[in-house]
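Note sheet for the following structure.
What follows draws every value from the coordinates through simple rules; no lab data is involved. Everything numeric here is computed off the predicted structure, so don't read it as measured data. Quick reminder, even Gly has a Cβ in these numbers, built from the backbone with ideal geometry, and neighbours come from all protein chains shown.
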Amino acid sequence: MIKIRAKYILGIESSCDETAASIVKVEKISGQVSVLANIISSQIEIHKKYGGVVPEIAAREHVLNILPVINEALEKAKITEKEIDLIGVTKGPGLITSLITGLETVRALSFAWNKPVLEINHIEGHIYSNFINLTEPIKFPAIILTVSGGHTNLVLMDKNQKIKIIGETLDDAAGEAYDKGAKMLGLGYPGGPIISKLANEFKNNHQLSDLELPRPMLNTPNFNFSFSGLKTSLLYKLQKDKNWKKRQAEYCFAYQEAIIEILIKKTIKAAKKYEAKTVMLSGGVSANEELRTKMAEAVKTNFPKAKFLVPEREYTTDNAAMIATAAAYLINKRKTAPFNKLKVEPSLQLK
């Protein structure tokens, strides 16, 4: 838990195609962070027709939605701007035109409301989504797998909550692999939910698959990932299979099994090396039921005394509650920035 320095925190997230605002409350005695409002304006339906996020369209939508979602968050939390103690905003990484909307809005609010601002790394936000509504302190060291459309990282966190990247993707993120796999299979965008749905249907019908797809870098001594070879293998198999459309669910099952096995084996290997007392899962792909279930089983089997944490589903995809929560914890470790010094960093690295 944390020593309180801010009671009410406004979080703003606009790194890609979700315009989000949230209000969290830090309890004075327990230090527990609870969410009073978590408002998200999604652009998924807009970008579906293009098969992915179009940056300029995303930027325009952010401009239209940023103030309404902030006002809605304040209204739902039943507080006024006068009661806000701190604003947390995503600094990067992300799409520059999307990030600018969020940060420039916060710049204006910071000046108008005379509120301090804490700049947050988007990946930090995903990590701290596991700290929302904590009922007991986290035991360290902790290994965190953050896996989404733009990022796949393995992070080590020590007892001082200092983080270190120990593994990352060398090419595509796992979420991107889902999207591109779904495109090859003619399933549309976003790919994760539809591939998961068809894979589960195939599995629940107790069918067996003879499809073999590679597990790139599965047995390398490091903790890095690669999914480009898996995508290429899927493409070649589809090109050779004239009846692949009749086997869509089977292909989804085999493809998802490969991705999940890679993610879990790397995470467990890292947890063993660093003797982790807690294993966390975060990011958009952490909403995947098969990944959540199998990771929980793997942690329980390999580390009976370790704790496995995964955020509630509403905090897995891009949201502002995770940014506000990160700000609640990091305010004790990081200096706030004056409104005239705020700056986006689309390629911001996790430190």
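When only Cα pairs below 8 angstrom with a gap of at least 6 residues are kept, the stretch 121-199 shows a relative contact order of 19 percent. Charged neighbours of Gly188, selected by a Cβ distance under 13 Å, balance to +3 (K, R count +1; D, E count -1). One decimal place: the segment Asn133-Thr301 gains 57.9 nm when fully extended, by the rule 0.36 nm per residue minus the C-alpha distance. Distance between the pseudo-spin-label points of Leu208 and Lys76 (7 Å out from Cα toward the beta carbon): 4.8 nm.
In order along the stretch 326-333, phi translates into HN-Hα couplings of 4, 4, 4, 7, 8, 4, 7, 10 Hz, rounded to whole numbers, per the Karplus curve 6.51 cos²θ - 1.76 cosθ + 1.60 with θ = phi - 60° and x for Gly and Pro.
The GluC sites (Glu not before Pro) of the stretch 153-254 that DSSP puts in a loop, and whose beta carbon has at most 14 other beta carbons within 10 Å, are Glu212. By DSSP, the beta bridges lying fully in the chain are antiparallel in about 60 percent of cases.
Most simply put, the stretch 142-309 has about 55% antiparallel DSSP beta bridges, counting only bridges with both residues inside it. Annotation note: trypsin sites (Lys or Arg not before Pro) in the stretch 108-201 located in DSSP loop regions with a Cβ neighbour count of at most 15 within 10 Å are Lys139, Lys159, Lys162. Which of Ser14, Ser22, Ser196 moves most in a GNM of the chain, Cα contacts under 10 Å? Result for the chain, Cα springs under 10 Å: Ser196 fluctuates most. Return the single residue from Ile264, Ile79, Ile163 with maximal mean-square fluctuation; model: Gaussian network over the chain, springs between Cα atoms under 10 Å. Per the Cα network of the chain with a 10 Å cutoff, Ile79 tops the list.
To the nearest 10 degrees, how steeply does helix 174-184 sit against the main Cα axis of the chain, on a 0 to 90 scale? The helix 174-184 is inclined about 50 degrees to the chain.
Take every Cα pair under 8 Å whose residues are at least 6 apart in sequence, average their separation, divide by the length of the stretch 66-172, and the relative contact order is 17 percent. So which of Lys82/Lys162; Lys203/Lys246; Lys76/Lys351; Lys231/Lys272 end up more than 22 Å apart by C-alpha? In this structure, Lys82/Lys162; Lys76/Lys351; Lys231/Lys272 lie more than 22 Å apart at Cα.
Taking a ≥ b ≥ c as the square roots of the eigenvalues of the alpha-carbon gyration tensor, the stretch 142-309 is classed prolate because a/c is 1.5 or more and a/b outweighs b/c. For Lys231, neighbours were defined as the other residues whose beta-carbon sits under 14 Å from its Cβ, and their charges (Lys and Arg +1, Asp and Glu -1) total 0.
Among residues other than Ala296 with Cβ under 14 Å from its Cβ, the summed charge is +1 (Lys and Arg +1, Asp and Glu -1). When only Cα pairs below 8 angstrom with a gap of at least 6 residues are kept, the chain shows a relative contact order of 26 percent.
Positive-end ranking of Val279, Ile264, Gln239 along the dipole of the stretch 142-309, with charges on Cβ about the Cα centre, is headed by Val279. Name the residues of the stretch 264-294 whose amide N is less than 18 Å from a point 7 angstrom out from the Cα of Lys164 along the C-beta direction? Under cut-off, by backbone N: 267-280. Computed over the chain, the per-residue total of -39500 (n - 2.57) for DSSP H runs of n ≥ 4 gives a 222 nm mean residue ellipticity of -13000 deg cm²/dmol, rounded to 500. In a DSSP loop and with at most 14 other Cβ atoms within 10 Å, the trypsin sites (Lys or Arg not before Pro) in the stretch 1-109 are Lys3, Arg5, Lys28, Lys49, Lys78. For the options Val63, Val106, Val33, a Gaussian network treatment of the chain with springs between C-alpha atoms closer than 10 Å singles out Val63 as fluctuating the most.
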